[in-house]
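The values are calculated or read from the model by the stated rules, or taken from the named source; none is laboratory data. Computed from a prediction, not measured in an experiment: that's the story for all the values here. For neighbour counting, all protein chains shown are included, and Cβ atoms are generated from backbone atoms with ideal geometry for every residue, glycine included. With ligands, DNA and RNA removed, areas are computed over all heavy atoms of the protein, side chains included. Shrake-Rupley method; radii C 1.70, N 1.55, O 1.52, S 1.80 Å.
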Amino acid sequence: MSVASSVSPEPVPPPGRLGVPLAPLAAGFVLAAALGATWVAWERAGVAEERALRADFDYRVRDVERRITQRMMAHEQVLRGAAGLFTSSHQVERSEFRDYVASLHLEENYPGIQGVAFAVAVPAAGLAHHTREVRREGFLDYAVWPPGLRDPYTSIVFVEPFSGRNLRAFGFDMFAEPVRREAMERARDQGRAALSGKVRLVQETDIDVQAGVLMYLPVYTQGAAPQDAAERRRRLVGWVYMPFRMNDLMAGILGERGPELVTRIHDGDGAAAAGLLFDSGGVGTTTASAGARLEARRALQVAGRSWTLEVQAGPTFGARLERATRPLLAFGGLATGLLLAALTWVLARGRDQATRLARGMTRELLEAHRDLLVSEQRFRTMADGAPVLIWMSGLDRGCTWFNRQWLEFTGRSLEQEQGNGWSEGVHPDDLQRCLDVYVGHFDRRRPFTMEYRLRRHDGRYRWLLDSGEPLFDEAGTFAGFIGSCIDITERKVAEEERGAQLARVARSERGAALGTLAAGMAHEINNPLTPVLAGIDYVKAQLLALPEPVLAAWRARGDGSLLEAQAALDDAARGARRVRDLVADLRSFALGQHSDDARCDLASALDRAVRVAHHAVQDGTTVAVDLPPLPSVVGSETELVQLFGCLLVNAEQAEVARPNQVRVSAERRGDRVVVRIADTGRGISPEDLPRIFEPFFTTRPVGQGKGLGLPVAQGIAQGLGGGVEVESVAGEGTTVTVTLPVGGGS
């Protein structure tokens, strides 16, 4: 029986039995619920708006407070720079002060500053001299004002920019005015910046009159800053100061959003009208009723002076309470309620049609599900019977299913392999490459083929050829990947054996060709060397066979000619024999042949190599051989003696700053034997280490090395299936490591 036929259709209620009577009730209930939700949202929106506005207002108040504090600190730093100009110079010229202030770009960087000035302290006894000195600069009408007898005087001698309103301050004695004098004395006695109370600046005209304040910083004579008030008064030179017009200053501080707030600053701790320094809304301004609820008062300390900051929300700030959020909520809630009520009416009346449609779709889905189950069962049966390993993955790249052959191959369960569990069996050397290929082709929806090693249930790794294909449904939508794997281990082994065989053939052919070439070179070089050596020996014999009177006369000359001739002949003989030995080493390096079937006792070969190399041992050099029982290795004794002989000669002839100690040790590692030959010579420099296996490259002086020892040793070791590595630390010694395969049957 099919799945569809086993489901009996339910009776369909007649139209109108439920829809018509319940439609008005359901629609009314939905409308009431929507209106209730709208009212709750209305109330919460109002509370949220007030909280948001209060939070924004508090932030703006803190921002105003921070801006004022930071700006006044910046102005104080400008004064410190000006004071440093006077402290570091014996006498500041008017041009120096002008250039310094011009470099500050006051209008761009410090808006609101009326200027930077310097007032000098003048004792009453020195007033006439001071006046003459300033007039000598070209200011013929200069005088300290206001007139009157007092001690001391102060005079504004430098003020920049020296133009416009600032010209009115030239020569003004600020000590003559109590508010300014209080701030100047406080700055002088405390040795730090001091802000004055509210004053009318001498720069003011009858137009746009503003409240003003001044910031003073004392300047003392050169040397360390005075430590007490009495010393500060004695060493006082004057004050650098800044005059501020408060409206201009605050316009630069409050910025573009300043008009949204009504900001007032009072001098002192109270809010008296007489101490009002700044009012952004104008005297007597009132705020909107909404904004009046938002106000704050803060106490500020600016350069030793107390300011009271009052901030209220302005009319434009209060208007933000009247945003359209709540009306929009009301309109949206009503519209949504009506729409939902209408939809409820329609849905209630259309229930019968929807029910019939749902039952029809259910039957179709059941039929489709049955067909899918049958298709899936057929596929899995076929995949489990296939002689290959099959896997499937989903849209998240994780594998969802593996056939029976895969699970039998790995010896793991489906749950263990699902997701990324299958990657645990991939060989570590292949894992990253395998994942890169899979993820890259998965993301591009492209088929792929790759080879990697997978661990079998017995723990051995087998080579697999994995082919993956993307899956798409009938609509062309990507649904995942499916892949199949076949075991190609035998093919890989055959390829490796074929590669090794080709390498052996190539090595044999190379050895034969180089051997023929070396043999020919040896023949061509040795043939002329033989008569040369014979001729040298003959001449030496003839010299020794000269009659004694001739030799006596020769010696009597006292110029050493006979000895020089004999020494020259000895040098020529040594040179000729060196050429002959070089040809022999070259032939050994070029041939590099060995018997694949040869086996040799390593201890015997090393002992013979030590004896062969013994003649090259320098005075004070010791050779220590420490060998445990070792198996035989691949190679003939002749090859191994030549291999280790070259390395021992190199080690024993190493340049040393202390007695050279050569140590030979060995150990077995699996199917390899590792031999180390270490010396305590000067070592090899890092720049020479990469070239030590190049033929004819040597670090020894000319004539003391042929540069073939290490290349010959490397060629022999590689021909036997092993290798040679060199480690060296300059000044500490060199260690040569030889790796050789163990001979069969060991």
Considering region 248-282, residues that are within 27 Å of Leu106 (Cβ to Cβ), hydrophobic (A, V, I, L, M, F, W, C) and open to solvent by less than 20 Å² (accessible area, probe 1.4 Å), and then whichever is nearest to the chain's Cα centre (by Cα), we arrive at Ile253
Scanning region 134-149 residue by residue, the ones that are farther than 20 Å from Arg168 by Cα and either surrounded by 11 or more Cβ atoms within 10 Å (Cβ to Cβ) or in contact with a strand residue (DSSP E or B) (Cβ under 6 Å, 6 or more places away or on another chain) (or both) total 0
Note on region 169-226: residues touching a Ser or Thr at 6+ places or on another chain (Cβ under 6 Å) and at positive phi are Gly171
Filtering region 37-68 down to residues that are open to solvent by 20 Å² or more (accessible area, probe 1.4 Å) and either within 27 Å of Phe158 (Cα to Cα) or of a type in the set (Lys, Arg) (or both) yields Arg44, Arg51, Arg54, Arg62, Arg66, Arg67
Within region 433-488, of all residues that are among the aromatic types (Phe, Trp, Tyr) and part of a strand (DSSP E or B), the one farthest from Met392 (Cα to Cα) is Tyr461
Here the residues within region 458-482 that are in contact with a Ser or Thr (Cβ under 6 Å, 6 or more places away or on another chain) and either closer than 17 Å to Leu407 by Cα or free of Cβ contacts under 8 Å to residues at least 60 places away in the same chain (or both) are Arg462, Trp463, Ser467
Among residues of region 615-627 being exposed (fewer than 13 other Cβ atoms within 10 Å of the Cβ) and not in a loop (DSSP other than H, G, I, E, B), the residue modelled with the lowest pLDDT is His615
Restricting region 474-483 to residues that are touching a Phe, Trp or Tyr at 6+ places or on another chain (Cβ under 8 Å) and under 24 Å from Asp384 (Cβ atoms), the one surrounded by the fewest Cβ atoms within 10 Å (Cβ to Cβ) turns out to be Ala479
Discussion item. Please determine whether any residue of region 459-473 is surrounded by 17 or more Cβ atoms within 10 Å (Cβ to Cβ), closer than 20 Å to Val426 by Cα and of a type in the set (Gly, Ala, Ser).
Written reply: yes
On the basis of being part of a helix (DSSP H, G or I) and either at pLDDT 80 or above or of a type in the set (D, E, K, R) (or both), does Glu639 make the cut?
yes
If you go through Ala194, Ala183, the only one that is in contact with a helix residue (DSSP H, G or I) (Cβ under 8 Å, 6 or more places away or on another chain) and under 21 Å from His266 (Cα atoms) is Ala194
message: Based on this model, can you work out whether Asp429 counts as more than 20 Å from Trp401 (Cα to Cα), modelled with pLDDT of 90 or more, part of a helix (DSSP H, G or I) and under 38 Å from the mean Cα position of the chain (by Cα)?
response: yes
In region 431-444, residues that are under 17 Å from Leu471 (Cβ atoms) and surrounded by 12 or more Cβ atoms within 10 Å (Cβ to Cβ) total 3
Filtering region 183-213 down to residues that are under 57 Å from the mean Cα position of the chain (by Cα) and open to solvent by 60 Å² or more (accessible area, probe 1.4 Å) yields Gln190, Arg192, Lys198
Considering residues that are open to solvent by less than 70 Å² (accessible area, probe 1.4 Å) and either over 18 Å from Arg165 (Cα atoms) or of a type in the set (Gly, Ala, Ser) (or both), the number found within region 104-118 is 4
Can you find a residue in region 344-359 that is open to solvent by less than 60 Å² (accessible area, probe 1.4 Å), in a helix (DSSP H, G or I) and at pLDDT 80 or above?
-> no
